[in-house]
Amino acid sequence: MDGNFVPPLVEVEDLTVSFVTREATVHAVNGVTFSVQPGEVLCILGESGSGKSVTLRALMRLLPPKRARIAGKMRVDGQDVLALNGADLRRLRGGLVSMIFQEPMTALDPVYTIGDQICETYIRHRGGTRAAARARALELLELVKIPSAASRLDNYPHELSGGLRQRAMIAMALSCGPRLLLADEPTTALDATVQIQVLILLRKLQKDMGMGTIFVTHDLGVASEIADRIAVMYAGRIVEEGPVADVLANPLHPYTQGLMASTVHGQDRNQDIDAIPGSPPDLRRLPTGCAFAPRCGQVGPECRIAPPEPRSPVAGRMARCVKVAAPVPAYA
Ligand SMILES: Nc1ncnc2c1ncn2[C@@H]1O[C@H](COP(=O)(O)OP(=O)(O)O)[C@@H](O)[C@H]1O
Ligand SMILES: [Mg+2]
C-alpha cells in the first residue's frame, strides 16, 4: 500500500434516499458517491431541491426514520453511520460531526444567552465544571471574532446582528472540536459583505483546526471561495466533481456549463443559479435517461436511454455525461 495513504474521513457510496408518502415516492437522492479527506472542503453545489440538505441530514442520521428510505453506505471516520445506535450515534452528532445551518435561530434557543448555550453543549458532550465551560465559551467567541466577546456571552440571540448570530452558531458547532463540519448554506441569509467575512472566517478555522468540511450551497461564487473540491448536484445525483479551480476553468457537464454562464464571476454573489431555461425534474417521476436532458442544449437520443455512468477524462475529475470523451469509469 502507498505509504502516504490517508484514509478518507467521509466515504459515501451509492447513497439513495427516498421519501415515501401515501400519494407518491420522492426520489431525493439517487446514488450519490463521494469522499472527503481530513482537512478538505468539499462543496456540494446545486439549485434548490437538488438533494443537498437531504444528503447532509442522512450523514447525521437526522432524517425522519419512518418516512425516509435510506440505502447505500456511509462511513465517517471509519464508522458505519447506518449501523450506529444510542451512545455511538450521540458521539457522532455531538463530538465527531457538527452541523451549521442557514438560519442560526433554528440552532440557537431564543430564551437562553449565547454563553449559556455554548456552555450547555460543551458540558453535555465534554463534562467538566461550569467555570471551565464558560472560559471555553469565551475562547470560542473570541475565536470566531465576535467583538467584546466577554459581554456578548450574556446576550440573547435576538440581541445580536445576523452576522454575529451566525458566528455564535459557528462557535457552538466548534465547541466540541469536531473532525467533520457539515455546513448547510450557512451564509445564504447574510448580506454580501458579511457573507464574505463569515466565509473567510470559516475557511481559516477549518484550516487551523484541520476539519474536513462538507459545505452546501446554491451559489457558485460561494463555492469558489470556500471549496477545495466541488460536487455539482442535479436531481439527487452528482453530475460533476473535481478540484474547484479545474471545474471552474473547464466545466465538463452541460449543467455546470449552464451554471457558469448564468453566474457573473465574483460580481453578484447572491444571484440564484436558476438562469438555465426550464426547471428541474419532478422527483416523483424522474426521466428514464439523464435528468438534465430536458433542459440540455447538447441533448442527443442516447441521453434518454439511461442515467449516464460516471466518466473520468483525467484523474480527479468526473462527469456523468455521455458527451464527455472518456472510456474510463470514474470509480473503477
Ligand atoms: N422529510 C421529507 N419528506 C418528503 N420530502 C422531502 C423531505 N425532506 C426533503 N424532501 C424532498 O427532497 C427533495 C430534496 O430536498 P433538499 O435536500 O432539501 O434540497 P436542497 O438541495 O434544496 O437542500 C425536495 O424535493 C424535498 O421536497
Ligand atoms: Mg437545502
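Read-outs: derived from the displayed coordinates by stated rules, not from any lab. Small disclaimer: the values here were computed from a predicted structure and weren't measured. Positions of Cβ are generated from backbone atoms using ideal geometry, with glycine treated the same way; all protein chains shown enter the neighbour counts.
Principal axis extents of the C-alpha atoms in region 50-198 (largest first, rounded to whole Å): 47, 39, 25. Here region 14-29 is scanned for amide nitrogen atoms under 14 Å from the site 7 Å beyond the Cα of K66 along Cα-to-Cβ, giving 20-22.
Helix 130-143 and the longest principal axis of the Cα set of the chain meet at an angle near 50°.
The percentage of C-alpha pairs in region 154-241 whose separation is greater than 17 Å is 51%.
Partner lysines whose Cα lies under 21 Å from the Cα of K52, excluding those fewer than 8 positions away in the same chain, are identified as K66, K73. A Gaussian network model of the chain, with springs between Cα atoms under 10 Å, assigns the largest mean-square fluctuation among Y122, Y255, Y156 to Y156.
So, by mean Cβ neighbours within 10 angstrom, what's the order for 186-194, 14-22 with the highest one leading?
Put in order of decreasing packing, that is 186-194, 14-22.
Percent of C-alpha pairs per 10 Å bin in region 130-282, short distances first: 10, 35, 31, 16, 7, 1.
Reducing region 168-183 and region 240-264 to their Cα centroids gives an inter-centroid distance of 29 Å.
Rg over Rh for region 163-205 works out to 0.94, both radii taken from alpha-carbon positions and Rh defined as the Kirkwood radius. Would you please classify the overall shape of region 274-328 from the alpha carbon gyration tensor, given that a ≥ b ≥ c denote the square roots of the eigenvalues, rounded means a/c under 1.5, and beyond that prolate means a/b larger than b/c while oblate covers the rest? Note, shape of region 274-328 comes out prolate.
When the alpha carbon coordinates of the chain are projected onto the principal axes, the ranges are 67, 52, 44 Å, largest first. Note on region 1-131: Rg/Rh from C-alpha atoms, Kirkwood Rh, equals 1.01.
Using the rule -39500 (n - 2.57) for each DSSP H run of four or more residues, divided by the residues of the chain, the 222 nm mean residue ellipticity is -9000 deg cm²/dmol. Highest mean first, the peptides 312-324, 235-247, 60-72 sorted by other C-beta atoms within 10 Å per residue fall in the order 235-247, 312-324, 60-72. Residues within the reach of a label modelled at E159 (point 7 angstrom out along Cα to beta-carbon, backbone nitrogen below 19 Å), restricted to region 109-126, are 109-121. In this structure the amide hydrogen of N155, modeled in the peptide plane, comes within under 5 Å of the amide hydrogens of I114, G115, none closer than 5 places in sequence on its chain. With the cut-off at under 13 Å, measuring from each backbone N in region 148-188 to a point 7 Å along the Cα-to-Cβ line of R124 picks out 172-173, 175-176.
The convex hull drawn around the Cα atoms of region 106-192, when projected onto a plane and averaged over every direction, covers 5.7 nm².
Helix 114-126 and the longest principal axis of the Cα set of the chain meet at an angle near 80°.
Quick one: Cα centre-to-centre distance for region 136-156 and region 41-95, in angstrom? If you average the Cα positions of each part, the centres end up 30 Å apart.
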